[in-house]
Amino acid sequence: MKFEEYRRHDAVGLAGLVSKGEVSAAELLDTALERMAQVNPALNAVTLELADFGRKEAADKPTGALAGVPYLLKDLGALLEGTVTSSGSALLKDNVAAADSAITKAYRDAGLVIFGKTNTPEFGLLPVTESTFLGPCRNPWDVSRTPGGSSGGAAAAVAAGIVPAAHAS
């Protein structure tokens with residue numbers, strides 16, 4: 001799927017295309033990964049790429065109301081089994097989740113295809129997304145500015161068109 005078409009749809013619209021067989025979850029993920037490769041170097045919105053995990057999820061033909069929609073988890077609060085959740089802190093850089101958190105399980109049950117984690121300030125405490133550990137996140141409309149808040153990476157990823165929706169809190 002070309003980015004221009006992908007960008008015209010929200011998460012529900014993309015899930016509808018998947019359910020009708022007009023596009024596959026793998027095709028949507030490829031589009032999201034291509035967009036991430038284009039814009040993330042300037043934004044630092046996605047700080048942990050999980051493309052292989054996402055490809056496996058997409059290949060397993062997800063089911064649920066949002067089946068096949070590419071999705072990003074905030075690196076704070078949402079645990080994904082086998083991956084690090086640092087909460088934006090070097091203190092937790094080796095904090096590997098033993099299991100999915102309840103919210104992650106719900107996202108996966110809904111059919112969302114998780115393929116990365118987004119930037120957050122250390123422990124989500126600052127009003128700007130500028131972690132010393134993860135580096136600053138930049139606003140896609142003006143890279144001299146932060147997207148702000150503890151979910152700045154998620155906001156920047158959505159605004160830049162990497163995903164139609166992302167985990168935030």
- Message: Viscosity 1.567 mPa s, temperature 4 °C: give me the Stokes-Einstein translational D for the chain in µm²/s, with Rh taken as the Kirkwood radius over C-alpha pairs.
- Response: 83 µm²/s
- For region 33-131, alpha-carbon Rg and Dmax in angstrom: 13.5, 38
- Distance in Å, no decimals, from the C-alpha centre of region 107-169 to the one of region 15-49 is 15 Å
- Message: Just to verify a number: what accessible area does residue 63 come out at with the full protein assembly present, 1.4 Å probe, Å² rounded to tens?
- Response: 100 Å²
- Highest GNM mean-square fluctuation among 82, 124, 54, for the chain with Cα springs under 10 Å, belongs to 82
- Relative contact order, percent, region 58-169 [alpha-carbon distance under 8 Å, six or more residues apart]: 27 percent
- For the chain, whose charge dipole is built from +1 on Lys and Arg Cβ atoms and -1 on Asp and Glu Cβ atoms, the candidate among 85, 44, 149 with its Cα farthest towards the positive end is 149
- Over the Cα atoms of region 47-95, Rg to Rh with Kirkwood Rh, two decimal places? 1.03
- Eligible lysines near residue 74 by straight Cα distance, threshold 28 Å, same-chain separation 8 or greater: 2, 56, 61, 93, 105, 117
- To the nearest 10 Å², what's residue 94's accessible area with a 1.4 Å probe? 120 Å²
- MRE, 222 nm, helices only [DSSP H, n ≥ 4, -39500 (n - 2.57), over the chain, to nearest 500]: -10000 deg cm²/dmol
- Note on the structure: For the chain, percent of DSSP beta bridges that are antiparallel (nearest 5) comes out at 65 percent
- Multiply the residue separation of residue 96 and residue 22 by 0.36 nm, subtract the distance between their alpha-carbon atoms, and state the gained length in nm to one decimal. 23.0 nm
- Nearest 10, in degrees from 0 to 90: the angle of helix 25-43 to the longest Cα principal axis of the chain is 30 degrees
- Candidates 155, 45, 11: whichever shows maximal mean-square fluctuation once the chain is modelled as a Gaussian network with Cα springs under 10 Å: 11
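The values are calculated or read from the model by the stated rules, or taken from the named source; none is laboratory data. None of these values were measured; they are calculated from a predicted model. Using ideal geometry, Cβ is built from the backbone for each residue, glycine included, and neighbour counts are taken over all protein chains shown. Quick note on the areas: whole protein, heavy atoms, side chains included, nothing else; ligands and nucleic acids left out. Shrake-Rupley method; radii C 1.70, N 1.55, O 1.52, S 1.80 Å.
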